[in-house]
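Quick notes on the structure that follows.
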Amino acid sequence: MLKNIVGLVTGGASGLGRATVERLVKEGGRAVLCDLQSSSGHEVEKELGEKVVFVPTDVVSESDVTNAVQVAKEKFGRLTVAVNCAGIGVAFKTYNFNKKVPHVLQDFTKVLMVNTVGTFNVIRLAAGLIGENEPNEDGERGIIINTASVAAFDGQMGQAAYSASKGAIVGMTLPIARDLADQGIRVCTIAPGLFHTPLLASLPDKVLHFLAKSVPFPKRLGNPEEFALLVQSIIQNPMLNGEVIRLDGAIRMQP
């Protein structure tokens, strides 16, 4: 049960983020759902009821994230968990020799800004409120959970920007856990493999079937609910800290 948990979830209107919000509520917790104004955040809020409040948020905006953290304090009295699920990606080789076109620098920068800088922005601003909580018997005050990707370790062709952004999240997990340890805040990162999210759902069925077959076991795409289950496990297991956990059915991406 997550009865006393108040979570702030970015990218919470769909995919992994929505599944996380739904699990928090199902297990007795409450959630601040952060996503873009153009998302289905309002609809999710209405569907899940008073335990969820939607706050339109651009994760790279200091004012937006500060406001979301403040809403958590005003609406629910505290913040115990921050889960970073917001992210974007592009697919483009470093240089297209057929068209004689290099990777667009602005695209590379945007992916790093949203995925890496946005994640850090949420961490640094959420940590202050989490650190105000009364510690439990272990001295714990809260948890921060980030989303990387298996692309951080074995990125495919065309994933330079995405892999770099997710690799940076992996790389900052331990030092941030060390930074926040004295205040009793744990930090972990989940590195999902191929999951059935809106991004993949837009692909043709033939492609989805091929991707599913590439997973050693279970031979299928991951369900967002399985990601959310790991979020719950991290929250409930006090020895998980400074760790990156692959959630991928043993897949290792090929070029």
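Quick note: the coordinates plus some simple rules give every number you see, no bench work behind them. From a predicted model like this one, the values you see are computed outputs, not experimental measurements. Reconstructed Cβ throughout: ideal geometry from the backbone, glycine too, with neighbour counts over all protein chains shown.
Using DSSP to define loop residues, name the trypsin sites (Lys or Arg not before Pro) in segment 146-255 whose beta-carbon has at most 13 other beta-carbon atoms within 10 Å. Don't jump to the answer; show the numbers that get you there.
On the way: sites: K166, R178, R186, K206, K213, K219, R220, R246, R252; in loops: K219, R220, R252.
Hits after loop and neighbour filter: K219, R252.
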Fill in the blank from the handout: Inter-part gap, Cα centre of segment 114-130 to Cα centre of segment 187-225, in whole angstrom, is 26
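Do you know the relative contact order of segment 163-255, to the nearest whole percent, from alpha carbon pairs under 8 angstrom that are 6+ apart?
The normalised contact order for segment 163-255 reaches 41 percent.
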Fill in the blank from the handout: Residues whose built amide H sits under 5 Å from the amide H of G29, excluding neighbours closer than 5 in sequence, are L2
Practice task
Would you mind telling me the antiparallel percentage of the DSSP bridges in the chain, rounded to 5?
Solution key: 5
Fill in the blank from the handout: For the chain, longest principal axis from Cα atoms; helix 15-26 axis from its Cα atoms; angle between them, nearest 10 degrees, is 20
Completion exercise
The simple spin-label model distance between L174 and K100, using points 7 Å out along Cα→Cβ, in nm, is 4.6
Handout entry: Net dipole in debye of the chain [+1 Lys, Arg Cβ; -1 Asp, Glu Cβ; about Cα centre; nearest 20]
Key = 880
Exercise for the section: Would you please give the FRET efficiency between M239 and K73, computed as 1/(1 + (r/R0)^6) with r the Cβ-Cβ distance and R0 = 41 Å, to the nearest 0.05? Expected result: 0.90
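With r as the distance between the Cβ atoms of E27 and L203 and R0 = 25 Å, compute the FRET efficiency 1/(1 + (r/R0)^6) and round to 0.05. Don't skip to the end; give the middle numbers.
Numbers: r = 32 Å, r/R0 = 1.26.
That pair, L203 with E27, gives E of 0.20.
Given a Förster distance of 41 angstrom, what is the FRET efficiency for T109 paired with E137, based on the Cβ-Cβ distance and rounded to 0.05? Could the numbers behind the result be given before it?
Numbers: r = 45 Å, r/R0 = 1.09.
Efficiency computed from Cβ-Cβ geometry: 0.35.
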Exercise for the section: For the chain, with a Gaussian network of springs between Cα atoms less than 10 Å apart, report the residue from V81, V53, V207 with the top mean-square fluctuation. Expected result: V207
